[in-house]
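The values are calculated or read from the model by the stated rules, or taken from the named source; none is laboratory data. The shown structure was predicted, so the numbers you read here are calculated from the model rather than taken from an experiment. Cβ placement follows ideal geometry from the backbone for every residue including glycine, while neighbour counts extend to all protein chains displayed.
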Amino acid sequence: MAEKIKVTIDGTEHEVEAGENILQVCLDKGMLIPHFCYHEAMGPLGACRLCAANIAPAADKPGRLEMTCMTRASAGMVINVNDEYATKFRKSVIEDLMLNHPHDCPVCDEGGECMLQDMTVITEHQHRRTRFPKRTWKNQYLGPLVHHEMNRCITCYRCVRYYGDYALGSDLGAYGSRNRVYFGRLNDGVLESEFSGNLIDVCPTGVFTNKRFREVYTRPWDLQTARSVCVSCSVGCNVLPGFRHTDLRRIKPAENDAVNKYFMCDRGRYGGEFVNLPSRLSDARVSGTSMMTEDGIDAVAAQLKDIATKHGAGAIAGLGSQRASLEANAALTAVLKALGSDRVACFGSQADREAARLAASITASRELPTPSLPGLEKADFVLSVGGDLTAEAPMLDLAIRQAVRQKAPLFIVSPRAGSLDKFATASLRTAPGTEAGIVKEIAAGGGKDFVAQVATALKSAKSPVILCSTLHGDAALVGAVYQLAKSANTADRPCGLAYYYKSANTAGVALARKDESPEAIAADAKSGKIKALVVLERNAAAEPALAEAIAQCEYVVAIDCYENATTNDASAVLPCVAHYQSFGTILNFEGRAQHFSGLNIPGSATMASSEVLLNIAERLGASEIIQGLDFHDVYDITTESGKAVDGIRTGDSGALVKSDSKPTAPPSAKPASTGMVAWHIHHTFGSEELSAMSPPIAELAPAAGLELNPEDAKSRNLSDGQNADLTKEFGVSGLLTVNAGLAKGTLGIRVIQTAVSAPRKEVTA
Amino acid sequence: MVPEHIRKELSDHCAHYDSRRVGLIWVLQQLQEYYGGWLNDDAVREAADIVGVTEADAEGVATFYNWFFREPVGENVIVVCDSISCHLCGCDKITAHLEKRLGIKMGETTADKKYTLLPVVCLGNCDKSPCLMIGDELYDNVTPESLDKTLDEISSKPKAAAK
């Protein structure tokens with residue numbers, strides 16, 4: 001903790017920390033000092049000269065004009081922001097910045113939330129005195145996400161500082177000098193970074209704007225917005241989805257210092273357009289007949305009751321959802337309870353279930369510290385195991401890049417090279433299933449080459465973190481990583497451990513007390529023991545373990561926001577609103593319970609899935625269960641102590657869940673397979689179910705297909721671009737890409753969700 | 001592409017610094033000399049590759065400085081200062097004289113590829129305005145007469161042997 005000192009700002013004494021940035025102090029105190037190049041995430045630069053104030057080292061010393069962003073607080077300092085000369089100076093700086101800026105605010109997409117507009121008004125610059133022509137630029141095509149309008153540039157350098165210095169992107173540069181500085185790529189082309197959308201927020205004016213948002217003219221003040229949590233991965237970035245009429249127009253990150261701070265990834269920002277799809281459900285459908293949702297609920301409740309009476313309570317089971325809220329999953333169990341059943345499966349396979357549940361129980365035990373995103377940024381050793389961070393939890397990748405910038409060594413153990421690998425100190429490509437063995441070797445110490453290098457770096461680190469993927473269903477790896485972190489964790493040197501998951505609320509459902517293996521439910525459905533399945537926000541028909549069961553089950557109720565394979569085949573379909581219109585609580589990778597609020601947007605579907613289910617429970621006459629419905633009852637992870645879990649209750653947003661129970665013993669690693677092992681390749685764009693349906697994300701998604709290491713391809717006489725038929729061995733076939741970045745003995749299967757790309761509706765504002 | 005031994009020399013030079021980036025300007029200078037006075041796209045790419053920075057970075061540096069040329073220039077590049085001091089001391093006259101004598105406008109190269117005429121903002125020589133540079137030489141207190149004499153001398157010199 002730095003020493004507290006006193007400084008005087010505009011005649012008022014303030015207590016600040018010694019060495020604090022004066023501009024930040026003033027902004028924190030709510031004072032409006034105009035500034036451009038300064039950004040809290042990127043620090044000061046002193047380039048724009050706009051945040052000038054009269055600063056004197058002491059009351060009896062003369063003051064002079066200084067940039068507040070470049071000045072650190074010292075005892076007795078006197079800062080005069082409203083000094084006459086400083087005010088005039090700031091106005092003149094804005095006048096200079098405005099020399100070449102077009103006066104196109106009425107048609108500019110930034111209008112209404114433009115920092116330059118605000119700063120110009122604050123400094124009271126009104127009249128353009130220069131008679132010279134303005135310089136003009138050609139704009140570049142930067143891909144489907146970001147629109148480029150160089151004429152509006154005021155040369156603050158924020159874009160390249162964010163894109164290159166902060167996000168470590170390589171294809172955006174600043175060219176030229178003086179009044180002919182150009183910010184862009186070397187040539188037209190899609191921006192390579194997975195975090196390019198943040199340019200829109202970072203740019204203080206309208207050079208970089210949201211291409212999707214500007215397609216349909218909307219003013220930011222016309223948007224209806226409620227704070228929500230991103231549904232595109234398990235990081236749980238806070239977002240502000242903006243609706244106009246019935247459509248989602250854009251998603252912006254919402255500031256949260258404990259989670260995503262200022263930024264978010266492109267998948268989250270542009271992946272929300274599934275909300276607008278023509279395939280979103282509006283009416284209930286029972287036995288092929290469309291009806292009002294209420295009538296559908298009546299019909300479903302009656303049918304379920306009938307089945308329960310006829311075949312007994314065990315004839316009904318539920319399929320919980322990893323992308324629905326805790327409330328919705330709790331309501332599903334309430335419906336089942338009302339029918340006398342307690343059979344729920346939230347996962348796609350037993351392997352996924354074991355891995356996720358073990359990881360979530362380790363996290364919730366709080367035995368080891370779970371780093372938050374800001375915590376990851378400060379790590380001085382990073383080991384990423386088992387997956388591709390950029391694709392599976394993008395914002396974790398951006399946080400790791402900050403650690404890398406601070407020279408933290410980064411080690412990656414995974415079957416396939418991802419975007420983060422080029423920043424790694426060392427990467428180890430190893431076949432799926434063998435990662436756990438390598439982690440154990442690291443924990444044992446010794447070893448050679450890579451293992452020794454990691455072990456040595458881990459030993460000397462002061463704040464190490466280990467990240468592990470649970471997307472590939474490797475519970476042995478989850479357990480091995482836990483043992484490694486535990487052995488590295490000491491009282492004076494805590495070792496952070498974070499697991500990340502498939503979906504937004506996987507960590508939440510992984511803590512459910514009642515959850516069984518999907519294979520067991522599938523088997524019972526196929527044998528006819530289970531007669532009815534209630535499927536909550538989940539395309540279960542597309543999951544290999546459940547597809548057959550769904551097809552054969554007598555009565556399937558699907559509750560979802562959009563049409564998919566499951567709703568197509570279901571006996572009854574009940575519509576619910578999409579995530580960004582819904583409300584509830586989800587648990588992110590840290591086990592942080594975050595409440596998200598919904599917007600009441602006009603449209604035929606008006607109920608959240610939790611409300612739909614509670615309505616069914618009510619029709620079943622289970623008012624007692626509903627009244628006694630405590631989300632703790634379902635998601636109480638402190639089964640032994642019986643104590644309630646803090647943080648899950650609505651309004652308690654942001655708290656970390658904690659369990660008193662110790663994590664279950666990890667399973668022992670399966671013997672390594674000698675043959676080729678299949679591995680699902682997740683991509684940043686196109687692999688996540690909901691965002692893949694969004695048109696800009698679908699445009700960026702790679703083609704589906706298979707990948708092999710060059711040696712494996714050669715030994716099988718397969719070459720790049722060929723159609724590989726591996727149906728006999730792995731049950732898959734597809735276009736083959738030979739990838740030297742894939743471990744030997746790995747068959748990479750790209751997970752690409754079939755996107756329903758529909759042309760955007762023309763809407764007049 | 002430069003021959004392997006030059007490439008190695010350039011690359012080794014970058015290793016002298018804490019950050020290889022520091023060597024970028026020097027590498028660009030050497031490549032500009034090697035490629036006949038200007039940097040084409042390939043040369044910038046090559047520099048980025050040798051130093052180990054992104055192409056965007058190398059392009060940023062190559063376009064920032066006055067003495068890196070991204071287009072072909074003549075054998076002698078004349079830069080005339082048009083900043084405040086020189087402007088007050090009559091640089092316009094100097095420019096007009098040069099344009100007349102060489103038969104080209106500011107920013108152009110003579111047909112015989114002997115001269116390129118460019119403006120520059122301040123040569124840090126304000127006390128001896130107006131001033132200009134021809135190649136690496138700085139000329140103070142230039143008058144049309146002194147300029148004619150200098151240009152006559154340069155024109156009479158035999159063309160430097162191509163590298």
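Results, tabulated for the structure shown:
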read-out	value
Residue check for A:E17: surrounded by fewer than 16 Cβ atoms within 10 Å (Cβ to Cβ), under 30 Å from A:F263 (Cα atoms) and more than 32 Å from the chain's Cα centre (by Cα)	yes
Residue count for region A:696-725, restricted to those that are within 30 Å of A:D247 (Cα to Cα) and out of contact with any Phe, Trp or Tyr (no Cβ under 9 Å at 6 or more places or on another chain)	2
Region B:16-58, subset of a type in the set (K, R) and over 20 Å from A:G184 (Cβ atoms), residue farthest from the other protein chains (Cβ to nearest Cβ)	B:R20
Enumeration of residues in region A:716-729 that are outside any helix (DSSP H, G or I), loosely packed, with under 13 Cβ neighbours inside 10 Å and over 36 Å from the mean Cα position of the chain (by Cα)	A:N717
Matching residues in region B:118-134 - criterion: being surrounded by 13 or more Cβ atoms within 10 Å (Cβ to Cβ) and under 17 Å from the mean Cα position of the chain (by Cα)	B:L118, B:P119, B:V120, B:V121, B:C122, B:L123, B:C131, B:L132, B:M133, B:I134
Single residue of A:A713, A:A755 found to be of a type in the set (A, V, I, L, M, F, W, C), surrounded by 12 or more Cβ atoms within 10 Å (Cβ to Cβ) and at pLDDT below 90	A:A755
Helices (runs of 4 or more DSSP H) wholly inside region A:273-384 that include at least 3 residues being closer than 30 Å to A:N260 by Cβ	A:326-338, A:350-365, A:373-377
Some residue of region A:145-164 being assigned to a loop (DSSP other than H, G, I, E, B), modelled with pLDDT of 95 or more and within 14 Å of chain B (Cβ to nearest Cβ)	no
Per-region count, region B:20-79, residues in contact with a Gly (Cβ under 6 Å, 6 or more places away or on another chain) and within 21 Å of B:E137 (Cα to Cα)	2
Of residues in region A:169-202 being of a type in the set (A, V, I, L, M) and more than 10 Å from chain B (Cβ to nearest Cβ), the one farthest from the chain's Cα centre (by Cα)	A:V190
Count - residues of region B:59-75 that are in a helix (DSSP H, G or I) and within 9 Å of another protein chain (Cβ to nearest Cβ)	5
Residues satisfying the stated conditions in region A:461-509, i.e. surrounded by fewer than 24 Cβ atoms within 10 Å (Cβ to Cβ) and basic (K, R)	A:K462, A:K486, A:R493
Cβ pairs under 8 Å, 6+ apart, first in region A:435-456 and at negative phi, second among the polar types (S, T, N, Q) and assigned to a loop (DSSP other than H, G, I, E, B)	A:I438/A:T430; A:Q453/A:T425
Any pair with Cβ under 8 angstrom, 6 or more apart, that starts in region A:662-685 at a residue that is among the basic types (K, R) and ends at one that is modelled with pLDDT of 70 or more	A:K662/A:S365; A:K662/A:E367; A:K670/A:G433; A:K670/A:A476
Breaking point among (1) at pLDDT 95 or above; (2) within 14 Å of chain A (Cβ to nearest Cβ); (3) not in a helix (DSSP H, G or I), for B:I78	(2)
B:A96 being within 14 Å of another protein chain (Cβ to nearest Cβ), modelled with pLDDT of 95 or more and either surrounded by 18 or more Cβ atoms within 10 Å (Cβ to Cβ) or outside any loop (DSSP other than H, G, I, E, B) (or both)	no
Single residue of A:L304, A:L326, A:L248 found to be modelled with pLDDT under 90, buried (at least 20 other Cβ atoms within 10 Å of the Cβ) and in contact with a helix residue (DSSP H, G or I) (Cβ under 9 Å, 6 or more places away or on another chain)	A:L326
Some residue of region B:24-37 being within 17 Å of the chain's Cα centre (by Cα), buried (at least 16 other Cβ atoms within 10 Å of the Cβ), in contact (Cβ under 8 Å) with a residue 24 or more places away in the chain and outside any helix (DSSP H, G or I)	yes
Output for region A:116-132, where each listed residue is loosely packed, with under 12 Cβ neighbours inside 10 Å and within 15 Å of A:A86 (Cα to Cα)	A:E124
Those residues of region A:409-452 which are in contact with a strand residue (DSSP E or B) (Cβ under 6 Å, 6 or more places away or on another chain), crowded, with 18+ Cβ neighbours inside 10 Å and among the small types (G, A, S), in sequence order	A:A424, A:S427, A:A431, A:G433
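Table: residues versus (1) within 24 Å of A:K531 (Cα to Cα); (2) of a type outside the set (D, E); (3) buried (at least 17 other Cβ atoms within 10 Å of the Cβ); (4) at pLDDT 70 or above.
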{"position": "A:A572", "(1), (2), (3), (4)": "yes, yes, yes, yes"}
{"position": "A:H579", "(1), (2), (3), (4)": "no, yes, yes, yes"}
{"position": "A:N588", "(1), (2), (3), (4)": "no, yes, yes, yes"}
{"position": "A:Q594", "(1), (2), (3), (4)": "no, yes, yes, yes"}
{"position": "A:L614", "(1), (2), (3), (4)": "yes, yes, yes, yes"}
{"position": "A:R619", "(1), (2), (3), (4)": "yes, yes, yes, yes"}
{"position": "A:S641", "(1), (2), (3), (4)": "no, yes, no, no"}
{"position": "A:G647", "(1), (2), (3), (4)": "no, yes, yes, no"}
